[in-house]
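Report on one structure; see the data block that follows.
The values are calculated or read from the model by the stated rules, or taken from the named source; none is laboratory data. These numbers come from a predicted model, not from an experiment. Cβ placement follows ideal geometry from the backbone for every residue including glycine, while neighbour counts extend to all protein chains displayed.
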Amino acid sequence: AKRVYTFGDGQADGASHLREILGGKGANLAEMANLGLPVPPGFTITTEVCTFFYENGKRYPHELEAEVETSLAYVGKLTGRAFGDAENPLLLSVRSGARASMPGMMDTVLNLGLNDVTVEALAKGAADERFAYDSYRRFIQMYSNVVLGIPHHYFEDILEYYKESRGLILDTELDAADWRKMIVSFKAKVDEETGNSFPQDPKEQLWGAIGAVFGSWMNPRAITYRRLHSIPSSWGTAVNVQAMVFGNMGETSATGVAFTRNPATGVKELFGEFLLNAQGEDVVAGLRTPQSITESARIAACSTKPSLEITLPAVFQEFVRATELLEKHYRDMQDIEFTVERGKLWLLQTRAGKRTSKAALRIAVDMTREGLISQDEAIVRIDPSALEQLLHPTIDPDAVRKVVATGLPASPGAASGAIVFDSDEAEQLKNAGHKVILVRIETSPEDIHGMHAAEGILTTRGGMTSHAAVVARGMGKPCVSGAGAILVDYAGGSMTAAGVVFRKGDIVTIDGTSGQVIQGRVTMLQPEFSGEFATLMAWADAARRMGVRANAETPQDARTARRFGAEGIGLCRTEHMFFEGHRIVAVREMILADDERGRRAALAKLLPIQRADFLEIFEIMAGLPVTIRLLDPPLHEFLPQTEAEIAEVADSMGIAAEKLRRRAADLREINPMLGFRGSRLAVAFPEIAEMQARAIFEAAVEVKRATGAIVQLEIMAPLIIAKAEFDFVRARIDSTARAVASETGENIPYSVGTMIETPRASLRAGEIAVTAEFFSIGTNDMTQTCLALSRDDAGSFLGGYVAKGIFPADPFVTLDQEGVGEFIEIASRRGRQTRPDIKIGICGEHGGDPQSIAFCEKLCLSYVSCSPFRVPIARLAAAQAAL
Ligand code: ADP
Ligand code: MG
Ligand code: MG
């Protein structure tokens with residue numbers, strides 16, 4: 001197979017559909033060339049070579065060298081230069097490019113091919129020879145960092161020291177002679193660090209850089225990024241080798257980044273930044289504050305620095321045309337990197353732009369209305385998990401606040417937390433249960449884990465396309481960038497803003513929507529679900545087949561569930577109700593009573609309380625289905641632990657504390673997870689199930705009389721292992737239903753079903769369905785019983801299973817489809833054989849996980865039920881699964 005694909009001059013070997021082997025960057029460079037857009041010529045070494053590289057002890061296929069030679073000659077022909085030529089040298093950039101975009105995660109080497117000889121040719125050809133020496137020293141710095149592993153700041157330190165000793169402040173104040181001195185010092189540093197002189201042979205440089213790009217696929221930050229974004233390490237990266245174009249050739253040269261729509265709000269406007277007379281990563285690094293591309297953006301930002309539109313009007317016009325063409329062609333918002341060399345525009349990269357969830361919704365809905373994409377495409381384009389960002393609170397506009405600084409609104413949403421200045425520390429504090437705001441002068445890829453741990457990110461340097469801004473938007477975290485008025489003192493562990501000194505641990509609030517940095521905590525508002533959100537959710541609701549319900553047992557959760565569009569309650573856990581307030585004493589009495597009479601006395605106290613609980617929930621759900629699970633206690637959680645608790649219960653029961661202590665000791669279990677729980681409790685003490693059923697039916701009657709709404713009652717026996725066991729519980733429910741009906745004269749329709757959460761229940765589902773009218777798959781317990789793995793104890797070892805690649809993901813987060821999934825499949829198949837129209841849903845954490853939801857769709861389940869805050873995510877994921 002071909003290993004190297006060339007592009008340039010209006011044509012290319014590749015195209016965008018070859019993304020798998022060319023990587024995203026390479027495929028799009030080829031596509032842009034094919035579209036006739038100005039792309040510096042170059043070639044792409046495929047991801048298959050990367051795979052070969054890692055499978056063969058970091059060696060290349062032997063044909064590669066010849067293919068690279070041929071391609072180099074081709075690029076030389078298109079540019080009229082030759083690689084390594086002393087008179088007219090071709091200079092190259094060597095860029096990584098994986099299949100999925102991994103911004104800033106991999107290393108790029110610019111200006112490759114420069115050495116002591118070619119730099120002179122470059123100097124001769126340029127209007128200002130300073131540019132050539134600046135480029136060479138940049139190359140030494142980048143190459144030494146990326147390929148030779150010498151830290152970047154070693155060179156920065158030399159430069160800073162030099163500037164200080166001459167009273168210079170900005171890099172731009174250095175002239176050609178200064179840069180030549182820097183080159184000498186930089187090369188000396190390389191000698192000192194590596195014991196070898198800086199490579200002068202361009203071929204050696206090229207292969208060194210290619211090897212470094214392949215090598216960077218396995219660097220820790222790339223590995224972290226892949227883990228966070230579920231990108232398989234088997235994909236590999238491609239290497240793009242491309243002719244250099246120079247944005248640092250004077251005042252008609254520039255480099256920049258632009259989005260075809262606003263990536264924070266989704267508004268249809270060209271949005272971007274550039275730097276005059278600058279190279280490559282100067283914009284992304286946030287070292288200098290960039291200028292706006294359009295004049296309207298400049299005015300909106302109240303900036304005095306002229307826009308590209310004014311500075312280089314012809315280039316601007318050509319650029320606008322190119323961005324419009326690219327957006328139409330790809331039918332998505334594009335993130336475009338460009339460079340202008342002496343008034344000539346070059347495009348260096350295009351890709352689907354990262355955007356906030358808010359922008360994603362707006363863009364999807366707008367593009368549907370513009371006729372660019374279909375409604376179904378709009379649904380598929382939104383990442384359900386990213387919706388979470390929109391469900392976050394924002395700052396109450398009327399709240400009193402003390403703004404201590406304002407930076408750029410780099411990623412929307414608001415967050416409060418304790419400030420930390422170090423990413424490791426952010427992670428530690430997060431693990432210890434604290435909410436933190438990561439404060440950095442600027443972030444780099446080394447800060448990924450800290451950013452991930454933080455509630456929000458604050459930087460004092462950098463623009464809207466700085467590393468911090470791009471990564472925060474991708475993570476859906478609030479970010480304020482470039483808050484230049486804040487002084488950060490890393491060593492002292494403090495920052496100063498508006499005269500206030502904040503120490504590590506002090507609370508601040510950042511508002512990534514306005515850019516404000518606020519002292520202390522501020523009142524937040526719950527999000528609004530109107531506009532594009534409502535539109536897209538309506539489209540999703542129309543497209544999905546499965547129902548979406550919520551797990552809710554408190555009135556507050558039930559209300560949230562409805563607000564988020566739940567179509568009923570799929571799991572109302574009654575044991576949570578038992579923990580509420582003082583009623584735990586009565587619950588303990590019931591459990592610890594040593595005869596039925598004692599139990600009935602305790603139950604009589606609980607009945608009115610339970611009835612009131614159900615009453616409120618039924619009212620809120622107003623005729624929607626409510627699935628109530630009978631008491632499923634982990635018994636040990638109810639037992640009194642302390643002497644004071646024992647004394648309290650003993651007193652209430654009128655028995656000696658000593659007697660109660662003994663009874664509690666009798667009930668302690670070695671292995672509660674496999675102990676006295678689920679329907680086992682109802683079998684031992686049927687009067688508990690009877691009390692609960694009575695509370696349910698009486699509440700339903702009361703709501704019917706008061707409001708006319710008849711709740712769709714689904715009563716559920718927890719954790720069963722056999723049909724006879726279920727039948728035993730069902731009989732108590734049915735007899736209670738009859739009793740309440742004859743007492744009240746009201747017949748409330750209801751169905752009785754069961755949780756399927758043990759392997760045995762799955763296997764016997766066919767006969768269980770004879771009497772069970774519905775199944776609810778309790779995937780949390782099903783995972784525990786199927787894997788023989790207790791969720792409460794898994795913390796100490798499960799992480800290792802994921803880290804070592806033994807398990808692809810935490811099975812309590814993403815359903816283990818191969819194992820647990822088969823038991824679900826068996827239960828639904830056998831259940832349906834007996835009762836073709838049986839209603840089957842899942843509840844538990846997995847009900848809100850998009851991948852697990854897709855699996856439920858495949859099994860044709862009736863609904864998923866998840867926590868109220870995940871309901872919108874489930875609605876969208878269910879729609880995507882159905883399309
Ligand atoms: P990343 O994947 O981190 O964005 P890139 O490969 O896009 O890395 O390179 C980073 C920057 O280097 C680009 O934004 C661009 O400004 C500059 N660059 C890359 N290739 C060239 C080139 N051929 N000529 C000039 N600058 C380049
Ligand atoms: Mg790039
Ligand atoms: Mg369970």
Quiz prompt | the stretch 744-781, subset without any contact (Cβ under 8 Å) to a residue 60 or more places away in the chain, assigned to a helix (DSSP H, G or I) and touching a helix residue (DSSP H, G or I) at 6+ places or on another chain (Cβ under 8 Å), residue farthest from Ser867 (Cα to Cα) | solution = Thr744
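So that you can scan it fast, the table gives a plain yes or no per residue for (1) more than 28 Å from the chain's Cα centre (by Cα); (2) farther than 18 Å from Ala468 by Cα; (3) not assigned by TED's automatic domain parsing to the domain that holds Val68:
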residue	(1), (2), (3)
Pro232	no, yes, no
Gly266	no, yes, yes
Cys302	yes, yes, yes
Gln317	yes, yes, yes
Glu324	yes, yes, yes
Self-check item: The listed residue being within 13 Å of Gly844 (Cβ to Cβ), among the hydrophobic types (A, V, I, L, M, F, W, C) and either assigned to a loop (DSSP other than H, G, I, E, B) or assigned by TED's automatic domain parsing to the domain that holds Asn551 (or both), out of Phe812, Phe807
Solution: Phe812
Exercise. Would you mind listing the helices (runs of 4 or more DSSP H) fully within the stretch 596-661 where at least 1 residues are polar (S, T, N, Q)?
Key: 596-621, 643-653
Practice problem: Would you check if Gly26 is over 18 Å from Gly76 (Cβ atoms), away from ligand 2 (no atom under 16 Å from the Cβ) and touching a strand residue (DSSP E or B) at 6+ places or on another chain (Cβ under 6 Å)? | Solution: no
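Which residue is nearest to Cys786 (Cα to Cα), if the candidates are limited to the stretch 817-839 and must be of a type in the set (A, V, I, L, M, F, W, C) and more than 16 Å from ligand 3 (Cβ to nearest atom)?
Start the filter on the stretch 817-839 by keeping residues that are of a type in the set (A, V, I, L, M, F, W, C), which leaves 820, 823-824, 826-827, 838.
With the extra rule that they be more than 16 Å from ligand 3 (Cβ to nearest atom), the set shrinks to 826, 838.
Numbers: Ile826: 13, Ile838: 23 Å.
Across the stretch 817-839, the extreme among qualifying residues is Ile826.
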Practice problem: Looking at (1) away from ligand 1 (no atom under 16 Å from the Cβ); (2) touching a strand residue (DSSP E or B) at 6+ places or on another chain (Cβ under 7 Å); (3) among the polar types (S, T, N, Q); (4) outside any loop (DSSP other than H, G, I, E, B), find the lone condition where Asn262 falls short. | Solution: (4)
Quiz prompt | The listed residue being in contact with a Lys or Arg (Cβ under 8 Å, 6 or more places away or on another chain) and over 30 Å from Pro232 (Cβ atoms), out of Ala741, Ala765 | solution = Ala765
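Among the listed residues Ala264, Ala301, Ala297, identify the single one that is among the aliphatic types (A, V, I, L, M), more than 16 Å from ligand 2 (Cβ to nearest atom) and surrounded by fewer than 17 Cβ atoms within 10 Å (Cβ to Cβ). Please lay out each step first, then the result.
Values: Ala264 fails: surrounded by fewer than 17 Cβ atoms within 10 Å (Cβ to Cβ); Ala297 fails: surrounded by fewer than 17 Cβ atoms within 10 Å (Cβ to Cβ).
Checking each option against the conditions leaves just Ala301.
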Quiz item: Taking the stretch 167-187 as the search range and keeping residues that are free of Cβ contacts under 8 Å to residues at least 12 places away in the same chain and farther than 21 Å from Asn277 by Cβ, which one is surrounded by the fewest Cβ atoms within 10 Å (Cβ to Cβ)?
Solution: Gly167
Practice problem: Can you work out which of the residues in the stretch 443-464 that are among the acidic types (Asp, Glu) and modelled with pLDDT under 90 is nearest to the chain's Cα centre (by Cα)? | Solution: Asp447
Practice problem: Hey, can you tell me all the residues within the stretch 72-95 that are among the basic types (Lys, Arg), within 16 Å of ligand 1 (Cβ to nearest atom) and in a helix (DSSP H, G or I)? | Solution: none
Quiz prompt | Lys2 vs. criteria within 21 Å of Gly208 (Cβ to Cβ) and either out of contact with any helix residue (DSSP H, G or I) (no Cβ under 6 Å at 6 or more places or on another chain) or within 16 Å of ligand 3 (Cβ to nearest atom) (or both) | solution = no
Practice problem: Tell me, please, whether a residue that is at negative phi, within 16 Å of ligand 1 (Cβ to nearest atom) and among the charged types (D, E, K, R) can be found in the stretch 110-130. | Solution: no
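Among Pro412, Pro397, Pro384, which is surrounded by 19 or more Cβ atoms within 10 Å (Cβ to Cβ), in contact with a strand residue (DSSP E or B) (Cβ under 9 Å, 6 or more places away or on another chain) and at pLDDT below 95?
On the way: Pro397 fails: surrounded by 19 or more Cβ atoms within 10 Å (Cβ to Cβ); Pro384 fails: in contact with a strand residue (DSSP E or B) (Cβ under 9 Å, 6 or more places away or on another chain).
From the options Pro412, Pro397, Pro384, the qualifying one is Pro412.
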Quiz prompt | Filtered residue count, the stretch 770-815, keeping only those that are surrounded by 17 or more Cβ atoms within 10 Å (Cβ to Cβ), under 24 Å from Lys839 (Cβ atoms) and either β-branched (Val, Ile, Thr) or under 21 Å from the mean Cα position of the chain (by Cα) (or both) | solution = 6
Quiz item: Of Ala741, Ala709, which residue is away from ligand 1 (no atom under 16 Å from the Cβ), surrounded by fewer than 16 Cβ atoms within 10 Å (Cβ to Cβ), outside any helix (DSSP H, G or I) and assigned by TED's automatic domain parsing to the domain that holds Gln610?
Solution: Ala709
